[in-house]
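Undergrad: Sharing a structure, written as structure tokens. Questions coming.
The values are calculated or read from the model by the stated rules, or taken from the named source; none is laboratory data. The shown structure was predicted, so the numbers you read here are calculated from the model rather than taken from an experiment. With ideal geometry, Cβ positions are generated from the backbone for all residues, glycine too; neighbour counts draw on all protein chains shown. Only protein heavy atoms, including side chains, enter the accessible area calculation; ligands, DNA and RNA are left aside. Shrake-Rupley method; radii C 1.70, N 1.55, O 1.52, S 1.80 Å.
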Amino acid sequence: MATSRATSTATKTKAPDDLVAPVVKKPHIYYGSLEEKERERLAKGESGILGKEGLKAGIEAGNINITSGEVFEIEEHISERQAEVLAEFERRKRARQINVSTDDSEIEHLSQYPAHVTLSEGGLSSQTKWLRNILSVVGTDALKKTKKDDEKSKKSKEEYQQTWYHEGPNSLKVARLWIANYSLPRAMKRLEEARLHKEIPETTRTSQMQELHKSLRSLNNFCSQIGDDRPISYCHFSPNSKMLATACWSGLCKLWSVPDCNLLHTLRAGHNTNVGAIVFHPKSTVSLDQKDVNLASCAADGSVKLWSLDSDEPVADIEGHTVRVARVMWHPSGRFLGTTCYDRSWRLWDLEAQEEILHQEGHSMGVYDIAFHQDGSLAGTGGLDAFGRVWDLRTGRCIMFLEGHLKEIYGINFSPNGYHIATGSGDNTCKVWDLRQRRCVYTIPAHQNLVTGVKFEPIHGNFLLTGAYDNTAKIWTHPGWSPLKTLAGHEGKVMGLDISSDGQLIATCSYDRTFKLWMAE
């Protein structure tokens, strides 16, 4: 029984050859680069897919490239793309959950973001979708941050525009009180004279004005004199109208008799460069002794000198300026001297205390001209920044900003009426400003070239005189500002002008090295 079982088993095992299924040879699948397998085969000395000679020839021909093992990671690029898609889905999810503000100011804040931030969504371009897209990219906190930044910048701007003060010396406080006590009685006197003038019948006032205009139209060149061998930059009448001081680019200052224009005195030992201005002390030739300080002058080298009438050498030098001093002017009291400088400031000097009491900034470029109010309470400055400023000497405040000229202001002057100011500019115009209204009330298209100087008639301010680089000086009515007379005769630019204290004479000086006196027939 056991034998038969064994036989049966053997029969099962040994089957005919035609009944046995052929063994299927599975193909080899290689993962990775074939290059590695080829390297292995080459290392073992096998021929590989190609023969050694064929492989070598293929490499030399450039048909087979065997690299140094650099690979291109596809997975990383796929993961970056997936991250971008996921981020877009997250952004859209956030956008749907954002509550959009309807405040116009907030919407205006968001509009500052560039156009590429506003992503399209579903082809919709409504304001809601637009705002949601922005907030989903920049975040909801961006609006708060923008508000804070705007408030901060606004606050800093307000702080920048605020007026700030330096603590001044005690001498400045004393001077301010002194000026207040000096100016108040003069203001009262001026107002009283204005009331009395108003009581004059209108017909009388009109006839007086007509007579004045007739006289001004008859103005003629009374005297012409060569003042120096260089251009004459400035001229100024003495308070008694019997002398004329001229300043020259040669560095000399000269005193001339009026009206015959004879040379009286030459102030030699002074400036070494262009003299900008020379002015008489308000009490010179009236009540001041000749040995006292009667004149002040300034020059392009920053020097300021004080002169007497009995010497050709300066009495004193005022030191402190390091750059060009354009103009110098006496305060009506004669105690203070104002200087304008190209360092963007003007200064006030107390000659009794013999010190600088005020160094005032405020212009963005050099300060060119300065004038004092008839009462002594105000100072006006004109700058190369095309702006003028009116300063209250009793408080130190800038009480009026003269904005309107297109170019530099070269001349400024107060009217004796106390409320009109005239400015002359490089834009060829003369502007008239009203202190009461704090604005420009009239613009005179005065000349065909830059205006170098402006001057009101010193008694009542009945006319205005302007001079310019078009070689002429002109007279304008006040009020009305209509042209009365053109003073033509200079062959060069009119660089300076003045009106005598009695209102009878007009002086002009020019680049042609001459000065001229004009008088009514």
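Undergrad: So if we plug the beta-carbon distance of GLU199 and ASP434 into 1/(1 + (r/R0)^6) with R0 = 25 Å, what FRET efficiency do we get, rounded to 0.05?
TA: Efficiency computed from Cβ-Cβ geometry: 0.60.
Undergrad: Also: Given THR472, ILE226, ASN274, which one lies farthest toward the positive end of the charge dipole of region 170-520, if we put +1 on the Cβ of every Lys and Arg and -1 on the Cβ of every Asp and Glu?
TA: Going by the Cα projections, it comes out as THR472.
Undergrad: Now for a different question. MET495's amide H: which non-local residues (gap 5+, or another chain) put their own amide H closer than 5 Å, with H modeled 1.01 Å from N in plane and none for Pro or chain starts?
TA: Answer set, sorted by chain and number: CYS509, SER510, TYR511.
Undergrad: To continue, here is another question. Could you give the nm distance between label points at ALA316 and ALA57, where each point is 7 Å from its Cα heading toward the beta carbon?
TA: Using points 7 Å along Cα→Cβ, the separation is 11.3 nm.
Undergrad: Then there is this: May I ask you to list the residues of region 225-239 whose amide nitrogen lies under 16 Å from a point 7 Å from Cα along the Cα→beta-carbon direction of ALA520?
TA: Under cut-off, by backbone N: nothing.
Undergrad: Follow-up. Just subtract the alpha-carbon distance of VAL441 and LYS283 from 0.36 nm times their residue separation and send over the number in nm, one decimal.
TA: Between VAL441 and LYS283, full extension yields an extra 53.5 nm.
Undergrad: Something else about it: Work out the FRET efficiency for GLU491 and LEU184 from their Cβ-Cβ distance, taking R0 = 35 Å, and round it to the nearest 0.05.
TA: 0.15
Undergrad: So how far apart, in nm, are the two label points at LYS407 and ARG230 if each is 7 Å from Cα heading toward Cβ?
TA: 2.4 nm
Undergrad: Right, here's the next one. Work through the residues other than MET400 whose Cβ is under 14 Å from its Cβ and net out their charges, Lys, Arg +1 and Asp, Glu -1.
TA: On the way: positive: ARG389, ARG397, LYS431, ARG436, ARG438, ARG439; negative: ASP392, GLU403, ASP434.
Result for the local shell: +3.
Undergrad: Right, here's the next one. Once the piece of chain linking ARG41 and THR266 is laid out straight, how much longer is it, given 0.36 nm per residue of separation minus the C-alpha distance between them?
TA: My answer for the length gained is 69.5 nm.
Undergrad: How much area per residue is accessible in region 170-520 when the probe is 1.4 Å and only protein heavy atoms are counted (Å²)?
TA: 42 Å²
Undergrad: Largest first and to the nearest Å, give the Cα extent of region 170-520 along each principal axis.
TA: Taking max minus min along each principal axis of the Cα atoms, region 170-520 gives 53, 45, 41 Å.
Undergrad: What spacing in nm lies between the two simple spin-label points modelled at ASP301 and SER215, each 7 Å away from Cα in the Cβ direction?
TA: For ASP301 paired with SER215, the spin-label model returns 4.4 nm.
Undergrad: As an exercise, identify the trypsin sites (Lys or Arg not before Pro) in region 393-486 lying in DSSP coil whose Cβ has no more than 16 other Cβ atoms within 10 Å.
TA: ARG397, LYS407, ARG436, ARG438
Undergrad: Follow-up. Within region 170-520, what whole-number % of the accessible surface is contributed by carbon and sulfur, with the 1.4 Å probe and all protein chains included in the calculation? Don't jump to the answer; show the numbers that get you there.
TA: Values: 7100 of 14800 Å².
Here carbon and sulfur together make up 48 percent of the probe-accessible area.
Undergrad: Determine the alpha carbon to alpha carbon distance for each of LYS431/LYS516; LYS283/LYS455; LYS214/LYS283; LYS189/LYS291 and list only those over 30 Å.
TA: LYS214/LYS283; LYS189/LYS291
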